[in-house]
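First up is the structure itself, then whatever we jot down about it.
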Amino acid sequence: MARNYRGGGNFARPENALKRADELEAIGQKTQALTVLHDVVTSKKHRTWSKTFESIMLRHVELCVDMKKRNMAKEALLQYRNMCHQVNINSLEEVIKHFLKRAADKAEEAQAKAAAVTLDVEDLEEDASPEELMLSYVSGEKNKDRTDRELVTPWFRFLWESYRSVLEILRTNPKLESLYAMTATKAFHFCLQYKRTTEFKRLCDILRQHLTNLVNKVRDNRDAGPETMTMHLESRFEQLRVACELELWGEAFRSVEDIQQLIALTKKTPKQPQLASYYTRLTQIFAVSDSPLYHAFAWLKLFSFARQHARGMLPSDYQQMATSVLLAALAILPYERGPSAGPRVGVSDAVAAEQEKDRSNRMATILGFAVDAKKDARSLLTRQALLATISSSNLLALVPPEVRAIHDALSQDFSPLELCARLAPLLEKLPELAAVPLSSTAPVRSVALDKYVPALKQAAVLRLLKQLSEVYSVMRISELAALVPFYSFAEVEAVVVDAVKYEYLQMRVDHRNGTLHFGAQSVESDKVRNHLASIAKRLAKAVAMMSPVPLQLQPAEAARREAIIRAARETLEGEHLKAMARKMAIEKKKEESERAAYEAEQLQAQMKAQAQRAHELAEEKRRREEALRRESERIQREMEEREQEELRAHLGARNIKVKEGEKLEKTAVIKDLMSERIKEQQELERRMARHARNMDHLERARREEEAPFLETAWKERQEADRAYWEAAQMEAARLHRQAWEVDIEEKRKLAYMVPDKEVFKGIIMQRREAEFQALRRERERRMAEMREQRKYEREIARRKAYVTRCRADVEARMREIEEQRRREEEARKKAEEAERQRKLDEALAKQRAREEEIERRKAEERANLGLAAPAPAAASSAAAGGVKFVPPHLRRQMEAGGGSGGGAAPPAAAPAPAAAPAPAAGGDDEGSGWRRRGPEGPPRDFGPPRDAGAPRDSWRDRDAPPRDLPPRDMPPRDAPPRDAAPAASGGGSKFVPPALRGAAPSSGAAPPPPSGGSGGGGKFVPPHLRR
């Protein structure tokens, strides 16, 4: 009989502990074997990882699983994690995988054993034993339940605790994120396989707590990268799937919120299969939670995602999904239920409405809508918005005709008397439409259209009542029951009550008369305050109808009533004003008190917020500093531990013993190692020199001994080679002779065929010569054709080049002609401009002459009136043709005076200059005064020289053009001048009317010579007028 093991003892080497554990297990002492391995793993003496520790841990976890020692396994795994997380983290992963696999195998084995025990019945016809009957009566459990509780439940509990322990161990190590995700997935599968709903809820809480800690790490900018978040996101998608399959809809919705939180943190869009599964699960969650609006939006999101990203879907798949979207949208009630619907009074309803707003925003975010947190998403998530989106996305073109008819009846048509009768057969066909199976590429496996039938019936009844309320005011109950074939009136009445409760309809049911009344009711809230006054009016009216003649009152009573009424009328306005003033004062005080309370509350809240913000900033600063300090200490500690482990590993590899807890100095250890390595190198060099010397002696001795044997062998090899060569030469000569004789015999046999061969050769040569000549002629013919073709092509190219050159020459010539025409046009325009300027200058000269005439007449008028003669300087200036500014109104007076006094004798004029030469007969149309001077013309006559004593004209009179306006009979500046002879510059000429100024002299007649006067043909002409 084996003795019990009484203690592990301290093993110098881990291999000894493993051997000892095997020995103890072989003799049946598994507990003592587990204790030995556990002492080694948890001992402080062994802290450096090696491959032996992996074998110890594998054996340790096997014993823990066999003996259901979860706490020992967890403690050992924690110690092993600390041991190998810096050296070989994959070893910990292998140990944990082995641990979980072993526990899962044991659970499956226990379940199979329990099933075998249940089926192990010797006689199926035998009744239950008395013991089993007594146990069933006492405990109330069946035989299988007791078997499961005895065999299966302990292993399930151990497996569940193992998953929890492993998740707790792995949650803080970023290098084992993949193993953490794999463990969570296995835990999900365990809960799904064995329908462990309670454990699944606890598992979700554990993972949610781990996620919260991870999010806090992310906010503190600690080690939590996007890969970690991505793995948590994938785990949440698996959690959502398992929760929906276990029908734990609360956990499923919380998983959806976790997914949204992770998506917001990672800022990445999940993979397409995950999103498809996500929207599919949302449809299930909202369908179970009785949220038809969100259920319809989830179907719309799923359909849009499948249309954009799904590949390989059949048209029938799109038709089934589009039908589900449309029916889900039509199944939504046209009014809203919940705290936000109906009249709102009180603070609690306002709080409920705010909660409903937050819930709508959360739902919009879950459904993938970008919603501002400060705005209300209820306007975005409505039945009208959903139907508008369906219509705009051309989804109606994909649904069957029956479903499109349902949509038209419930959203477009107005036929209340036929609505439900038309919908009844269409609703019965919906299960047949859902019988078509979907393909494997669709995101959903099947669609259930019959679940929308009750909601569609209710929506049809509501639409029927709404349309009837627009047409009728009163209706019989029997007629309404006949219009709804699929509902009894009790069900219709329940629908009516619900619609009136949420203020969608205004109607009441009169069971006494069997009628329904549509429209406003007499007990509505907005009319309650006036119902007493209306009753009083109706009663007064009834009294008046009953007693049309008023009763006669006593005079005193009538006077008293009249005085009361008069006093009431007199004080009515004042009392009313007082009441209004009192009301306004109360309202003002109330507003002031509320404003003061609000300001005090705001100030207090602001101060509290500032204090809270300052406290948070200080706390955040302290946390950051504390985190930095802890991080630096951790890094320093890890570096020191890693350095100590490396030093211990080096010393352990060299079999150098180190005391427990001794702190090693790196420089001293390196110095010792270097000195030891130098000694080993020197020893190795000495051994190599000794070995080389021995090898040298052995090689020299070997060569001395083998020299005579090599010479003898060489001579023998020469003799053998010579004999072989001679034999080979004789054999080659014999074979050559034999082949020559065979060839001579063959030549003799074929000699008679030489003439035939020559004849055949000649025939072949003649035929090949003829073929060669034919091919040569064909080649020459093709070459000639090619030469002709190239010659033709060269000719065509030359002609085309010639045509191109000709076209270029023609275009260049046309451009030259066009340029010449343009230059001529410019020259013509310049000549016309010069001519116009010349005519303008002549018109100015005429104007100047006319002004001189006016001056002369003015002087005559003054002389006639007896005025003093002008000064000599002025006279000489006038005689010299000086121009003096005359205002326009004086010019008109002078012109009028000159016209009236034209018969007066002019004053004595200065001697006239010589007459100008007469124009030639038939002269040009320019006249003598307008003749253009050319190279052959006479020089221009500037008149007699100016008197030296006469005053000079001012620069204004010389250079400036006349500032007065031309007379009314003058042509405009841009008009051509009249073909009239210029007026004489002398004072003897008379005023010529405008009608006679344009008369040209007869052909051949010379113009009269200019009279001598004060004007002058020798007057100075400014340079700008000479042109």
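The values are calculated or read from the model by the stated rules, or taken from the named source; none is laboratory data. Everything numeric in this text was worked out from a predicted model, so none of it was measured. Here the Cβ is made from the backbone with ideal geometry for all residues, glycine too, and neighbour counts use every protein chain on show. Surface accessibility is based on the protein's heavy atoms, side chains included, excluding ligands, DNA and RNA. Shrake-Rupley method; radii C 1.70, N 1.55, O 1.52, S 1.80 Å.
Of the residues that sit in the range 152-181 and are under 11 Å from HIS210 (Cβ atoms) and hydrophobic (A, V, I, L, M, F, W, C), which one is surrounded by the fewest Cβ atoms within 10 Å (Cβ to Cβ)? Looking at the filtered set, the residue picked out is LEU167. Only one entry in LYS271, LYS267 is at pLDDT 80 or above and within 21 Å of ALA364 (Cα to Cα), namely LYS271. Checked across the range 433-446, the condition of being open to solvent by 10 Å² or more (accessible area, probe 1.4 Å) and assigned to a helix (DSSP H, G or I) holds for at least one residue.
Here is a yes/no grid of residues against (1) part of a helix (DSSP H, G or I); (2) over 30 Å from LYS44 (Cβ atoms):
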{"residue": "GLU646", "(1), (2)": "yes, no"}
{"residue": "LYS663", "(1), (2)": "no, no"}
{"residue": "HIS691", "(1), (2)": "yes, yes"}
{"residue": "ASP696", "(1), (2)": "yes, yes"}
{"residue": "ARG702", "(1), (2)": "yes, yes"}
{"residue": "GLU716", "(1), (2)": "yes, yes"}
{"residue": "TRP725", "(1), (2)": "yes, yes"}
{"residue": "ALA728", "(1), (2)": "yes, yes"}
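Might you let me know whether the range 189-212 holds any residue that is surrounded by fewer than 18 Cβ atoms within 10 Å (Cβ to Cβ) and not in a helix (DSSP H, G or I)? Yes, because at least one residue in the range 189-212 is surrounded by fewer than 18 Cβ atoms within 10 Å (Cβ to Cβ) and not in a helix (DSSP H, G or I).
A quick yes/no check of all residues on (1) of a type in the set (Gly, Ala, Ser); (2) in a helix (DSSP H, G or I); (3) within 12 Å of VAL95 (Cβ to Cβ):
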{"residue": "GLN32", "(1), (2), (3)": "no, yes, no"}
{"residue": "ASP39", "(1), (2), (3)": "no, yes, no"}
{"residue": "ARG47", "(1), (2), (3)": "no, no, no"}
{"residue": "GLU54", "(1), (2), (3)": "no, yes, yes"}
{"residue": "GLU62", "(1), (2), (3)": "no, yes, yes"}
{"residue": "ASP66", "(1), (2), (3)": "no, yes, no"}
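Let's see how each residue does on (1) modelled with pLDDT under 90; (2) open to solvent by 100 Å² or more (accessible area, probe 1.4 Å):
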position	(1), (2)
LYS715	no, yes
ALA723	no, no
MET730	no, yes
ARG737	no, yes
TRP740	no, yes
LYS749	yes, yes
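Residue-by-condition table, conditions (1) in contact (Cβ under 8 Å) with a residue 12 or more places away in the chain; (2) open to solvent by 50 Å² or more (accessible area, probe 1.4 Å); (3) in contact with a helix residue (DSSP H, G or I) (Cβ under 9 Å, 6 or more places away or on another chain); (4) in a helix (DSSP H, G or I):
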{"residue": "LYS451", "(1), (2), (3), (4)": "yes, yes, yes, yes"}
{"residue": "PRO454", "(1), (2), (3), (4)": "no, yes, no, yes"}
{"residue": "GLN458", "(1), (2), (3), (4)": "yes, no, yes, yes"}
{"residue": "LEU465", "(1), (2), (3), (4)": "yes, no, yes, yes"}
{"residue": "ALA490", "(1), (2), (3), (4)": "no, yes, no, yes"}
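Looking at the range 410-432, which of its residues are in contact with a helix residue (DSSP H, G or I) (Cβ under 6 Å, 6 or more places away or on another chain), open to solvent by 50 Å² or more (accessible area, probe 1.4 Å) and outside any loop (DSSP other than H, G, I, E, B)? Within the range 410-432, ARG422, PRO431 qualify. Restricting attention to the range 300-315, which residues are of a type in the set (D, E, K, R) and either surrounded by 15 or more Cβ atoms within 10 Å (Cβ to Cβ) or touching a Pro at 6+ places or on another chain (Cβ under 9 Å) (or both)? Once the filter is applied, which keeps residues that are of a type in the set (D, E, K, R) and either surrounded by 15 or more Cβ atoms within 10 Å (Cβ to Cβ) or touching a Pro at 6+ places or on another chain (Cβ under 9 Å) (or both), the range 300-315 yields LYS301, ARG307.
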